[in-house]
Amino acid sequence: MQQVIDIAYANLLSPMILFFILGIIAVLVNSDLKVPSAFYTGYTMIILFTIGIKGGVELKHVPFLSMLPAVIAALTLSFLMLAVTFLLLRYVYRFSLDDSTAIAAHYGSVSAVTFVAALGFLDKLNIHYESYIAAILVIMEGPAIVTAIVLNRVLSSEKKHQGSLNHVFKEAFFGKSIFLLLGGMIIGLIAHQEGIAKIKPLFGDLFYGFLCIFLLHMGMIATQQLRALQNINLISFSFAFFLPLFGGIVGVLIGTFIDMSVGGVTMLATLAASASYIAAPAAVEQAIPEANSGLYIGSALGLTLPFNLIAGIPFYFWLANYMVA
């Protein structure tokens, strides 16, 4: 237990988490601090491109067969989280079909911000992780979103909005986040080393600085989402803490089973525990407009993201270290 406390304490003192907490405080004290939308768009692109480029550079040296077990594990976890979320919300929490499938789309997908926060956590501890892990992030982002929306179509008696599936596929597989991740990965994979070195100051050296500003902004948005939910019984949102714990534990077990490193197991668990709030909302808003956006954005961004950043990632690392060792 003391080891868990020490790891969590070290995580709380990392600049990324401190920036996130600062964003929370800014909203609580009603500060007039705001992040310009143009700046937000710019550093979001830099963060996603950097993840992709780094992953592409590393993939040059990875045979596909060596990462195949992780790919299968990632897809299995994605669909498992989708199914568990849907069944839990529909039959235990008694949410509507639209809300259940909408939230399942978010928890079956992944959060790039949680991913890079976990990378920063491991880098700080000098913990090795598999070089193909960025590819796993890309693989897990889209399929669950599309599957959840198709599930909504199949189970809905009204068969509404049938013409929107093309848009759903576009948002899930070619929306901003996955397009930038995949594009950066292709650039990193095919560009020569000299060219990569020239762009390293922006897509490398400044990465964690931009990430800290991004997390400051996310802390503000997460707190605003929680404020919007203040009149709703928060017991109804307990799934926002249960699901990441479930996903993280199962991710550790599967990662250990396929013989990933401690860092790799931690990253796989973190992805399984995270919830999308960039790609999923864009697709769900158009495909399932009847779903309550306060529920799926409030739970994924307002509750699950802070939980994972502050407590989840250290716990997944401790559990991975215990299981692998």
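The values are calculated or read from the model by the stated rules, or taken from the named source; none is laboratory data. These numbers come from a predicted model, not from an experiment. As a convention, Cβ positions derive from the backbone with ideal geometry for all residues, glycine included, and neighbour counts pool all protein chains shown.
Scanning the stretch 307-325 for residues that are surrounded by fewer than 24 Cβ atoms within 10 Å (Cβ to Cβ) and either among the β-branched types (Val, Ile, Thr) or at pLDDT below 90 (or both), which turns out nearest to residue 219 (Cα to Cα)?
310
Residue 290: in a helix (DSSP H, G or I) and acidic (Asp, Glu), yes or no?
Considered against the rule, which asks whether it is in a helix (DSSP H, G or I) and acidic (Asp, Glu), residue 290 comes out as no.
Conditions (1) modelled with pLDDT under 90; (2) among the β-branched types (Val, Ile, Thr); (3) within 30 Å of residue 193 (Cβ to Cβ); (4) outside any helix (DSSP H, G or I), marked per residue:
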| site | (1), (2), (3), (4) |
| --- | --- |
| 33 | yes, no, no, yes |
| 45 | yes, no, yes, no |
| 52 | yes, no, yes, no |
| 58 | yes, no, yes, no |
| 61 | yes, no, yes, yes |
| 70 | no, no, yes, no |
| 81 | no, no, no, no |
| 86 | no, no, no, no |
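If a residue must be crowded, with 19+ Cβ neighbours inside 10 Å and closer than 21 Å to residue 226 by Cα, how many such residues does the stretch 25-75 contain?
0
I'd like the residue in the stretch 120-135 that is part of a helix (DSSP H, G or I) and surrounded by fewer than 24 Cβ atoms within 10 Å (Cβ to Cβ) and, out of all such residues, is modelled with the highest pLDDT.
Let us first name the residues in the stretch 120-135 that are part of a helix (DSSP H, G or I), namely 120-124, 133-135.
Then drop every residue that is not surrounded by fewer than 24 Cβ atoms within 10 Å (Cβ to Cβ), which leaves 120, 122-124.
Numbers: 120: 85, 122: 91, 123: 86, 124: 83.
This residue is 122.
Sort out which residues of the stretch 249-296 are more than 27 Å from residue 55 (Cβ to Cβ) and aliphatic (A, V, I, L, M), and write them in order of number.
Quick first cut of the stretch 249-296, residues more than 27 Å from residue 55 (Cβ to Cβ) only: 285-296.
Selection gives 287, 288, 291, 295.
One line per residue, one yes/no per condition, for (1) modelled with pLDDT under 90; (2) surrounded by fewer than 19 Cβ atoms within 10 Å (Cβ to Cβ); (3) among the acidic types (Asp, Glu):
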{"residue": "89", "(1), (2), (3)": "no, no, no"}
{"residue": "107", "(1), (2), (3)": "no, no, no"}
{"residue": "111", "(1), (2), (3)": "no, no, no"}
{"residue": "141", "(1), (2), (3)": "yes, no, yes"}
{"residue": "146", "(1), (2), (3)": "yes, no, no"}
{"residue": "174", "(1), (2), (3)": "yes, yes, no"}
{"residue": "179", "(1), (2), (3)": "yes, yes, no"}
{"residue": "185", "(1), (2), (3)": "yes, no, no"}
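Where the second residue is assigned to a loop (DSSP other than H, G, I, E, B) and not hydroxyl-bearing (Ser, Thr, Tyr) and the first is surrounded by fewer than 24 Cβ atoms within 10 Å (Cβ to Cβ) and modelled with pLDDT under 85 and lies in the stretch 272-290, which pairs have Cβ atoms under 6 Å and are six or more apart or on separate chains?
The qualifying pairs are 282/175.
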